[in-house]
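As structure tokens, the structure follows; a few thoughts come after it.
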Amino acid sequence: MTDLSWLTARPVAHRGLHDMNKTRWENTLSAFAAAAERGYAIECDVHLSSDRIPVVIHDSDLKRLTGQDGFVWQRTAAEMTALRVGGTSDHLPTLQQALDLVDGRVPMVVELKGVPGRDEGLVESVGKMLKHYKGKAAIMSFDHWLIRDFPKHAPGIPGGLTAYGNDVKLIEAHFAMLAHDIAFASYAAGDLPNRFVSFVRERLKMPVITWTVLDQPAVDLTFRYADQMTFEGFEPDLVQVA
């Protein structure tokens with residue numbers, strides 16, 4: 001089994017260490033620099049541009065973050081990186097720019113955002129980038145069709161299931177993804193405990209991180225039922241581990 005102790009060794013800054021989009025916005029180079037300087041691992045989100053380059057942005061729609069109409073898949077990477085985020089001096093970065101900035105100082109957890117019919121090549125593009133990255137990095141996704149491509153297009157890179165819920169239908173869907181060689185799970189803190197998380201931690205010895213931790217009750221849930229937190233809105237102690 002691959003040693004993923006690095007994944008749970010330090011809190012993970014959700015979309016970088018931003019200030020809830022007041023002056024330092026999510027998924028920007030400024031947020032990633034702040035997280036790396038403080039020693040936090042970094043979670044970021046990527047979509048595929050029209051010219052098949054992974055760009056760091058959470059939404060498929062551009063409006064909330066850039067004020068522009070349209071979708072990521074309609075723009076080239078050059079057009080995307082020309083857009084400013086939230087009226088600040090930060091521009092949308094490519095994944096490669098984020099990796100170059102972090103430069104192996106802290107782990108990176110890259111969440112792949114699927115858009116059905118528009119994301120062909122996303123796993124392969126991210127996999128190639130991370131294969132040549134010298135730092136610790138993992139990939140994860142909510143999207144089962146992307147996770148099924150992890151072993152083929154991102155071999156050797158730890159892949160995870162991003163998940164939520166505790167009703168029977170959702171839990172069974174999560175269990176089904178264990179057939180696809182996932183190495184960890186990222187689970188909604190508010191949906192703990194549940195039998196999927198208990199099974200993968202206790203029976204499979206698989207690490208579980210949580211999302212998105214905003215307050216002390218969520219911190220407490222995380223370290224009672226999981227191994228590490230993905231946080232935002234505060235700065236946790238770096239030695240905060242399970």
**Q.** Condition check for residue 138: open to solvent by 50 Å² or more (accessible area, probe 1.4 Å) and either in a helix (DSSP H, G or I) or in contact (Cβ under 8 Å) with a residue 24 or more places away in the chain (or both)
**A.** no
(Q) For region 229-241, check the following and say yes or no: at least one residue is farther than 19 Å from residue 18 by Cβ and among the hydroxyl-bearing types (Ser, Thr, Tyr). (A) no
Q) So residue 209 fits all but one of (1) over 15 Å from residue 42 (Cα atoms); (2) in contact (Cβ under 8 Å) with a residue 12 or more places away in the chain; (3) hydrophobic (A, V, I, L, M, F, W, C); (4) out of contact with any Gly (no Cβ under 6 Å at 6 or more places or on another chain); what number is the exception? A) (1)
(Q) I'd like to check which helices (runs of 4 or more DSSP H) are fully inside region 1-105 and have at least 3 residues that are among the aliphatic types (A, V, I, L, M) and open to solvent by less than 10 Å² (accessible area, probe 1.4 Å). (A) 29-38, 95-102
Q) From the list 88, 81, which one is out of contact with any Pro (no Cβ under 8 Å at 6 or more places or on another chain) and either β-branched (Val, Ile, Thr) or within 14 Å of residue 126 (Cα to Cα) (or both)? A) 88
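The values are calculated or read from the model by the stated rules, or taken from the named source; none is laboratory data. None of the values given here were measured: they were computed from a predicted structure. Counting neighbours? That spans all protein chains shown, and the Cβs are built from the backbone with ideal geometry, glycine included. Ligands, DNA and RNA are stripped out before the accessible areas are found, and what is left, the full protein with its side chains, is counted by its heavy atoms. Shrake-Rupley method; radii C 1.70, N 1.55, O 1.52, S 1.80 Å.
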